[in-house]
Amino acid sequence: MKKLILLTLVLTSVLHAAPVHKTSYHWYDGSQKKTVWINAELVGEFDETSVVQPSVQGAQQVRGQFGTTRIWRLPKNQLSANVASRMRQQHARASVSPVFHDRNTPKAAFRALPGDVIVVFKPTWSDAQIKNWLSGLNLQVVEKMTHEKNAYLVQSAPGLASIATANRIYETGQVVSSSPNWWSEREAK
Amino acid sequence: MKKLTIFAVLLSLSSWCMAVTIDHVDYHSSKQISVTFSDDFDDVPDARALVAKSYILSNTGKGTLAASPTSVALDSGTTYLMTWAAGEMFNGGPLTIKYVPLNITGTSAGTATGVLPIMTNAVVTGPRAMTVVFSEKLKDGTLAANYTLTGSGLGTIGAHPAKAVAGPCISVSCYYSLTWTAGEFVGSDMVEVTANVKDLAGNVINGDMDDYNANTGPYSIAPALTKVAVTGLRTVDVTFSEVMKSDDGVLDATNYAVSGTGVGTFATNPDTVTLVKANTYRLTWASGEMLTAKDITIAASTATDLVGNPVNSTKSHLKGGKGTPPTILTFDAKSPYRIDVQISEPLLFPTVNQYFTLSGTGKGSLAMYPDTVTPLSGNWYSLEWDSDTAMVGNGALTIAIGYCTDSVGHICKHTLAKTNVGFGVDPLFADQWHLSNTGQFSGTTGEDINVVPVWESCEDNTCRGEGIRIAVVDDGMEITHEDLKSNVVVGGSYNYLTKNSSLAYSSKDKWSGHGQAVAGIIAGRDNNGIGVKGVAPRASLVGYNFLMKGTDANGVNALTRSAAINHISSNSWGPPDGYGLYWGAPTSFLNAITTGLNTGRTGLGTIYVWAAGNGYSGSMECPGCVDNSNEDAYANNRGVIAVGAVSNLGFKSSYSEWGANLWVSAPGGEFCGDHAITTTDRTGAVGINIDGIYSADDYSNRSYTKCMNGTSSATPIVSGVSALVLQANPNLGWRDVRYILAKTARQVDVAGGEWTTNGGNLHFSHQYGFGVVDADAAVLMAADYEDNFGDEIIFPTPVTLPATNAVVVNEAIDDNDSNGVTATKSITSSGIDKVEWVDLVVTVLPGNSTTMPTYSGDLKVTLTSPQGTVSTLAVPHSCYEDVCDNYLLWKFSSAAFLDEDPEGDWIINVSDENATQTGTFVSYDIKIYGH
């Protein structure tokens, strides 16, 4: 937990210093290393009842609503990582995340992190072995997933913590894959 | 006292001093010996030598002789002859005789002579009995194990009797009865009985005379029926008195004949005979019926028992007949004034209208009795009323039958009630041009999916999607909607917001309703007097509202949830349209699809149907951006059926994306003003026709809409057709279903569709795929489908990213030159006879700008097969903000080569068709799927 707070603090300071849209993060999709760029002006909120709107004066919803997910444009003096962090501190169950793009442009499609990590373990590992291994990293299983053998949803906080947790697991070299549980723009056709 | 003792000792000494001894002992017969003393008793006269009690016999040869002889006589000289009246010596043992008066003994030099017993006769006296006769009484004649039977007449009788009992001895005949408790002799055949016995003296039976042949005579038992029991409506169990030979007629149905007052309509012989247990067999009739509580008699013949005795026996189950009166199995309203009723069996007089009575809230103006009754096949009866009368749609109906009889005389008395069945014409069906285009709304007659003939092709419930389960993966589904609820699987849906099966749109959310419209297109309930019809109007629906919280985890869950029992996954969603960009899909998605294909429907594979995309006409953010479905990694996945949309004129809908990955097309319509697709909407003024968006063109009943359009509409239509296909042939694999849809699709827009005929003799268009789905043709092909693709072959190996088999080209592409760079890949020994699908992974990088990747918008990419079929994978296009992503390991797909032979040269061409930017064709990797 300490590490996460430290990471948040470091990123926060970077974001204050860096121009918006220029801060990038990497994550792993299977074995592919991918890059996303944070949009410092936007936060995503995933609960049906908003905590952002009443808390952040001047926040405006952009691009309609994606199910229960809203994307908020923040007032100019507020950075998304800070707001997301603050919302979670103020509202214990708030699910708020910075918004990311696959391309280095603020108009590209949105991604955000409502929390948790999708981890696929080696097929030879038993359930008990997996839970044991995760508890060694101080992580907990949310649920076993159905889409692949030995796939688990592992608990993490929303936002950048999700990327950090996913990368931390993947970079142990002990798992098949570990990716943040992204929310991304998908639309009804 | 002392004096007497001394006298006795002196007397004894005086005798010993006289030295009379037994000189020898001789045998004369089994009852006579002689004793010769050493000296004449004249010297010591002793009359006691003639007294029998003076001698005591002992030693092993004594046999059954008494200790003292019966009589003693002087033979001659000093020899005395001793005779026993009874008993005999044991043959072979020595004898010792003691002469008591002189206390002297003598032992025979040789062995005693006994008489050996012999078997003098053996006779079979009963089915399980025989008598053996011996020359004398036996010591161990009652030990059953001492008798052994052999010979051809033995049959199933045991080699040793169960019991041996001694009978009387009359003169030299001693009788022993042998009995068995099971088995039997073979009639009139020979058995040989061997005895291993001793007489009372211990003399062992004479080896030459220890066996005897006996004729089994008439004492064999023919099998008989001991029990006949009616065990079911078409089964009678018969039990034989003994075990029957399995391969000698007992399983032959023609060896059994039924008769009796309860025989009803049973055929004389059963259809099958099966062993139940031990001696019991089950006779089964495939058709016909007994008469209740009447006698059932079975005659069995020809079959034999284990020793070959044939059965010829009859037995009855008195009052055992089991029959059932006719009952109503189901009924179905076929029109407002026609109800088809299925009875459990034929009626004796099938056209009597007053056998049937109708009641219930759905009865409407129909009379109690139908006007006519017409028998149909399968015990269906079509009841018709005056066509000026009509029942009430969606009402409750009760059908009763009475007074009729079945063919054996059981009297009908049965009632069946159903709710939500009253036939009402679906009022909006007339607007559903996608189901039946009659030219309404200025459409072209016949430009529909030809599904009505499928619905009309069956009387029973086998052609409207019954039993097929379809998952609507979307933003939700109102499971209580009046026109869906009959088809919704109770407890089968999943709500990703509430994490339970209670799927409903949130009351706070008044805008969503897309999944609701999709569900109605698939399986809006038919003939209920309200709303619409779905393509598969009796299929089962489950809804997964993953778009309400569209995370990767929820997405892959929705795609694989209940995969074993969901037949079809209908997906009218994808990445944003109209940006000119390509959109990847996470690895978890690809793996979920693979899992569904491999494990769904217990290995037959989930049918994934997917919207090709609506970005052909750009978007509000980028009006000039033209999407290609091949730039959507969801829709161009090998495992999904990508569906394009057509209008009611039979042309590609203006928004429908083209692409080499398109498999088929289906109606999606244009826009509400031009009439799109009529389907269900959320109940009331929410959803698609919410206030503010509600179009004056739309219905006043706002639980329905005619403004649903898009490849979102075309996709559930193909899902519905797939349901009908699977219902016609549930054993089809996912590749079979795709193939049937492609082979039976109808070519449209022949002039403008840029159709090509590929090397597999299939028409293909990058605008339409293989054409518009034809439900009737697909169902007919499915019903008789015999192709067997076998396992899928992927050549050279499955695509993995980064592309492990990438061929490096590294050639600069001339700017603004349609010739481009060509690479040739020669495929040999692929093991594939016919192509099903081709993936091409391409990397093209800009040469003069790496920071703003705009180059891919200039490029045209084509793939030409060895058969000469050209598939266009990408064309120059505009991108959102004029920034097109690079083709960095981008996987294009093509369906265009279906059924072609893949062997030969595949040609990849990449050309830059716009000026200014330049780049390099870096690498490619081709994968061919087929069989």
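The values are calculated or read from the model by the stated rules, or taken from the named source; none is laboratory data. Just so we're clear, the structure is a prediction, and the values are computed from it rather than from any experiment. Reconstructed Cβ throughout: ideal geometry from the backbone, glycine too, with neighbour counts over all protein chains shown. Side chains included, ligands, DNA and RNA excluded: accessible areas come from the protein's heavy atoms. Shrake-Rupley method; radii C 1.70, N 1.55, O 1.52, S 1.80 Å.
Quick notes on this structure:
- Taking the range B:560-574 as the range and being facing chain A (nearest Cβ under 7 Å) and either in contact (Cβ under 8 Å) with a residue 60 or more places away in the chain or of a type in the set (Gly, Ala, Ser) (or both) as the test, the residues that pass are B:ARG561, B:SER572, B:TRP573, B:GLY574.
- Residue within the range B:218-235 that is on the phi < 0 side of the Ramachandran plot and in contact with a helix residue (DSSP H, G or I) (Cβ under 7 Å, 6 or more places away or on another chain) present: no
- Of all residues in the range B:606-626 being within 11 Å of another protein chain (Cβ to nearest Cβ) and modelled with pLDDT under 95, the one that is nearest to B:TYR880 (Cα to Cα): B:CYS622
- Among the residues listed as B:PHE429, B:PHE423, the single one being closer than 24 Å to B:THR679 by Cβ and either open to solvent by 40 Å² or more (accessible area, probe 1.4 Å) or free of Cβ contacts under 8 Å to residues at least 24 places away in the same chain (or both): B:PHE429
- In the range B:537-566, the residues that are within 28 Å of A:ARG186 (Cα to Cα), outside any helix (DSSP H, G or I) and out of contact with any strand residue (DSSP E or B) (no Cβ under 8 Å at 6 or more places or on another chain): B:ALA563, B:ALA564
- If you go through the range B:700-757 and pick out every residue that is within 14 Å of another protein chain (Cβ to nearest Cβ) and on the phi > 0 side of the Ramachandran plot, you end up with 1.
- Set side by side, the residues B:THR120, B:THR131 differ, and just one is open to solvent by 50 Å² or more (accessible area, probe 1.4 Å) and touching a residue at least 24 places away in the same chain (Cβ under 8 Å), which is B:THR120.
- Of the candidates A:ILE118, A:ILE71, the single residue that is in contact with a helix residue (DSSP H, G or I) (Cβ under 9 Å, 6 or more places away or on another chain), in a strand (DSSP E or B) and within 14 Å of chain B (Cβ to nearest Cβ) is A:ILE118.
- Flag not set for B:GLY492, criterion: in contact (Cβ under 8 Å) with a residue 60 or more places away in the chain, more than 14 Å from chain A (Cβ to nearest Cβ) and closer than 27 Å to B:ALA783 by Cβ.
- The set of residues from the range B:575-593 being assigned to a helix (DSSP H, G or I) and either of a type in the set (D, E, K, R) or facing chain A (nearest Cβ under 8 Å) (or both) comprises B:THR587, B:SER588, B:ASN591, B:ALA592.
- Yes/no for B:ALA112 being outside the structural domain of B:ASN203 (by TED's automatic domain parsing), under 25 Å from B:SER135 (Cβ atoms), open to solvent by 70 Å² or more (accessible area, probe 1.4 Å) and touching a residue at least 40 places away in the same chain (Cβ under 8 Å): no
- Checked across the range A:86-93, the condition of being touching a residue at least 40 places away in the same chain (Cβ under 8 Å), away from chain B (no Cβ under 14 Å) and within 30 Å of B:TRP583 (Cβ to Cβ) holds for at least one residue.
- The residues on offer are A:PHE100, A:PHE110, and the sole one that is closer than 17 Å to A:GLU185 by Cα, within 11 Å of chain B (Cβ to nearest Cβ) and either open to solvent by 40 Å² or more (accessible area, probe 1.4 Å) or touching a residue at least 60 places away in the same chain (Cβ under 8 Å) (or both) is A:PHE110.
- Of all residues making up the range B:726-769, the number that are open to solvent by less than 10 Å² (accessible area, probe 1.4 Å), part of a loop (DSSP other than H, G, I, E, B) and either touching a His at 6+ places or on another chain (Cβ under 7 Å) or closer than 16 Å to B:ALA714 by Cβ (or both): 3
- On inspection, B:GLY534 fails the criterion of being part of a helix (DSSP H, G or I) and under 30 Å from B:VAL421 (Cα atoms).
- Checking B:ALA49 against (1) in contact (Cβ under 8 Å) with a residue 40 or more places away in the chain; (2) outside any helix (DSSP H, G or I); (3) touching a Phe, Trp or Tyr at 6+ places or on another chain (Cβ under 8 Å); (4) farther than 17 Å from B:ASP199 by Cβ, the condition it does not meet: (2)
- Against the numbered list (1) of a type in the set (Ser, Thr, Tyr); (2) under 35 Å from the mean Cα position of the chain (by Cα); (3) farther than 18 Å from B:ASP426 by Cα, B:THR498 comes up short only at (2).
Yes or no, residue by residue, for (1) within 30 Å of B:VAL737 (Cα to Cα); (2) assigned to a loop (DSSP other than H, G, I, E, B):
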{"site": "B:SER830", "(1), (2)": "yes, yes"}
{"site": "B:THR843", "(1), (2)": "no, no"}
{"site": "B:GLY857", "(1), (2)": "no, no"}
{"site": "B:VAL861", "(1), (2)": "yes, no"}
{"site": "B:GLN867", "(1), (2)": "yes, yes"}
{"site": "B:SER893", "(1), (2)": "yes, no"}
{"site": "B:PRO902", "(1), (2)": "yes, yes"}
{"site": "B:ASN914", "(1), (2)": "no, yes"}
{"site": "B:THR920", "(1), (2)": "no, no"}
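- Residue that is farthest from B:ASP431 (Cα to Cα) [pool: residues in the range B:508-549 that are among the β-branched types (Val, Ile, Thr) and within 14 Å of chain A (Cβ to nearest Cβ)]: B:VAL518
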